[in-house]
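Input: a single structure, listed below in structure tokens.
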Amino acid sequence: MSVSGIAWHTESVPVAGIALHVASAGTGPRVLVLPHDIGRPDRAPLEDALARTCSVLAPSHPGYDRSSRPDWMRSVRDVAVVYHWLLGERDLARDLTVVGLGFGGWIAAEMATMAPRAFKRLVLVGAMGIKPERGEIADQALLSYIDYVRRGFADQRAFDRLFGAEPATSQLEQWDLNREMTFRIAWKPYMYNPTLPHLLGGVTTPALIVWGRDDRIVPLECGERYQKALPRARLEIVEGAGHFVDMEQPDMLASLVTRFVAEA
Amino acid sequence: MHLMYFTEQPMSAYPEQEGRDFGATALMFSNRHFDPVAGSRLYNEYLEHYRLAEEVGFDGIMLNEHHNAPFCMQAKCNVFASILAATTRRVKLVLLGNPLPLADNPVRLAEELAMIDMVSRGRLVSGFVRGGGQEQLATGVNPAYNRERFEEAHALIVKAWTQPGPFRWEGTHYQHRVVNPWAVPLQTPHPRVWIPGVLSKETIIWAAKQRYPYIALSTEIEATKKIWELYDQVAKETGYAGGPEYRGYLQRCHVAETEEKALANARQFMWMQGEFTGLAHPVWSSPSGYFSPSYRTAFVEYAVGRRSNPRGAAFEDQIQNQQIVAGTPKTVIPKLRRLLEETRPSIVGFWAADGFVSSADTKTCIRLLGQEVLPALRDIGKELGLWSPFEANAPTSIQFAEPARPKETGR
């Protein structure tokens, strides 16, 4: 995770019996970035961009990428509790901005409902977690590893730049392992929690909802529902981006986040 | 020997071009192509074939189930087993089997199977399977816990069959306040359990540890030998000797009056294997978490089209290696002798026809098998000492040393 001259420090942090892989870099306001269900790419352009002006904490979800798999884990709320544990142990929650990308956005929203005043700012980007009323959240169980990830890009050239036009078998195996972990904790209902919309009303943390105009994985209406459910939220739509806004327009997203963090 | 009749119950009466155009005939291939008029005719033909199989001398009828696919229109093997329990008199009803992980209530399965055992007067052999990959999706069951659910449901069913209720079950995947089914099997200690499989080493090892016969599904002879090497090794470590009574094999075998006709009909075995319509969708057939981790590389490459189906092979190759046997009784008997000599199974299922083979040709095949092939195989079985679990009085399982018997005759 360093091509842009950012020096990333990585460590394995024991939490709830999990060897949690955590990368960190940069100085400035504290930002926790929770990645997508496909895991974090080796070159994570948003995290690199944020680390230029922020102190970025970038964990891999339990059972994803380089974090060990907790066989006992059964729900996205379990993941949220693990992150609260991590933050609590290091006293990092105060003045923290939590940025959740897609599936990570769902985890971030669950974390916020558990501690409605704990964070400084909440940023949800194309977040899963809420059931759409009209459309559907794309079911990765019916799509090949490559087709699913490509579906999240409005501009396929961005996919090619990050993963290569034909991703290596080792990348496919990592996507398969991550997908298996997603199934273990989010199989049914798939990619949403029916109780979440009812619990978001207590979250007083200012929230920025960001959605790619062409998100073909989580419909834009879910962004609108998040905006309605969260008392202090505004919705920002990114033109020309799909689900993976962070990989398609990392600098634009980083500047949205840093400006939001700097707001009084 | 225990010789069984089997059909996948193909639902071939749909517009083939639609399947070709869609590119897969499983899971998402629309059931608007399912014609219930043809379905009604076919179900009744299949019932007629089963009864004929009993009449001509088969020892057992093997049943299975699949979901959302024309290659098998039997969506619940317990339904056909129930019908056959009442309409046959002698044959064993061999279910290979109920897909345990698909069940959200294994106690209900235990009840249904107990009912079938009682109605059939103790003729049930209750095999269990994991279910195919796409069936996890068809039933909404989490593929990542497939094997855990299989093992836990099995333990719960055996307990429900063998220990008086009520008891409480607090498992990882199943929780039941009260287990007390008011239906228990006629056979004690419980109906025999056989485990079919084709690819996963984990299943072979599990079956051998339970001391359950393993039924190899149409594998080639060399691969079958490797299965028995592994099974026997685990049996030895578990404290018993493997052998014919633990070995079963499902043989695709079409017999007709002439070689030409037999070969032409045997080509229909490829109907299911995707030669015509592409049965398996590479993604849906292998959901993440379902397959053995040792095959991860093969399956992720298959899923994106970088390698061919690890399960598939061409018709000519399958004739050559005897995964498919076709001919007149006279020409198939020596081939089947080779199978028996080289792999020494005592349980053999005959998958007699598939695809578009007519009901008349299927019945001819069943008659020729019963009248000419089965008697020859019984002689070969005696000569080679291939005693079935029933003939050998083999233990029901590692847990229960006594052979399964209906209560009225066994005690």
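The values are calculated or read from the model by the stated rules, or taken from the named source; none is laboratory data. Quantities reported herein were computed from a predicted structural model and do not represent experimental measurements. Cβ placement follows ideal geometry from the backbone for every residue including glycine, while neighbour counts extend to all protein chains displayed. Accessible surface areas use protein heavy atoms only, side chains included; no ligands, DNA or RNA. Shrake-Rupley method; radii C 1.70, N 1.55, O 1.52, S 1.80 Å.
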Mind listing just one residue for me: the one in segment A:125-142 that is crowded, with 24+ Cβ neighbours inside 10 Å and of a type outside the set (A, V, I, L, M, F, W, C) and, of those, nearest to the other protein chains (Cβ to nearest Cβ)?
A:GLN140
Looking for whichever is more than 14 Å from chain B (Cβ to nearest Cβ), free of Cβ contacts under 8 Å to residues at least 12 places away in the same chain and surrounded by fewer than 22 Cβ atoms within 10 Å (Cβ to Cβ) here; the options are A:THR195, A:THR204. Which one fits?
A:THR195
Over segment B:283-327, the set of residues within 12 Å of chain A (Cβ to nearest Cβ) and of a type in the set (Asp, Glu) is B:GLU301
Starting from residues that are assigned to a loop (DSSP other than H, G, I, E, B) and in contact with a strand residue (DSSP E or B) (Cβ under 8 Å, 6 or more places away or on another chain), keep the ones in segment B:191-218 and report whichever is surrounded by the fewest Cβ atoms within 10 Å (Cβ to Cβ).
B:VAL198
Taking the options A:ILE185, A:ILE146, name whichever one is modelled with pLDDT of 95 or more, within 8 Å of another protein chain (Cβ to nearest Cβ) and part of a helix (DSSP H, G or I).
A:ILE146
On the given criteria, is A:ILE209 in a strand (DSSP E or B), without any contact (Cβ under 8 Å) to a residue 40 or more places away in the chain and not acidic (Asp, Glu)?
no
From the list A:ASP37, A:ASP65, A:ASP42, which residue is of a type in the set (D, E, K, R), closer than 20 Å to A:MET128 by Cβ and surrounded by fewer than 21 Cβ atoms within 10 Å (Cβ to Cβ)?
A:ASP65
Scope segment A:225-246; condition hydrophobic (A, V, I, L, M, F, W, C), open to solvent by 10 Å² or more (accessible area, probe 1.4 Å) and out of contact with any strand residue (DSSP E or B) (no Cβ under 6 Å at 6 or more places or on another chain); matching residues:
A:ALA229
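Residues checked against (1) over 30 Å from A:ARG259 (Cβ atoms); (2) open to solvent by 10 Å² or more (accessible area, probe 1.4 Å); (3) facing chain B (nearest Cβ under 9 Å):
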residue	(1), (2), (3)
A:VAL123	no, no, no
A:ALA154	no, yes, no
A:GLY164	yes, yes, no
A:THR169	yes, yes, yes
A:LEU172	yes, no, yes
A:MET181	yes, no, yes
Got a sec? Which helices (runs of 4 or more DSSP H) wholly within segment B:34-151 have at least 2 residues that are modelled with pLDDT under 95?
B:133-138
Sort out which residues of segment B:133-159 are small (Gly, Ala, Ser), open to solvent by 10 Å² or more (accessible area, probe 1.4 Å) and away from chain A (no Cβ under 14 Å), and write them in order of number.
B:ALA155
I'd like to check something: does segment A:119-140 contain any residue that is more than 25 Å from A:VAL22 (Cβ to Cβ), outside any loop (DSSP other than H, G, I, E, B) and not β-branched (Val, Ile, Thr)?
yes
Any residue at all in segment B:385-395 that is in contact (Cβ under 8 Å) with a residue 12 or more places away in the chain, open to solvent by less than 20 Å² (accessible area, probe 1.4 Å) and more than 19 Å from B:VAL125 (Cβ to Cβ)?
no
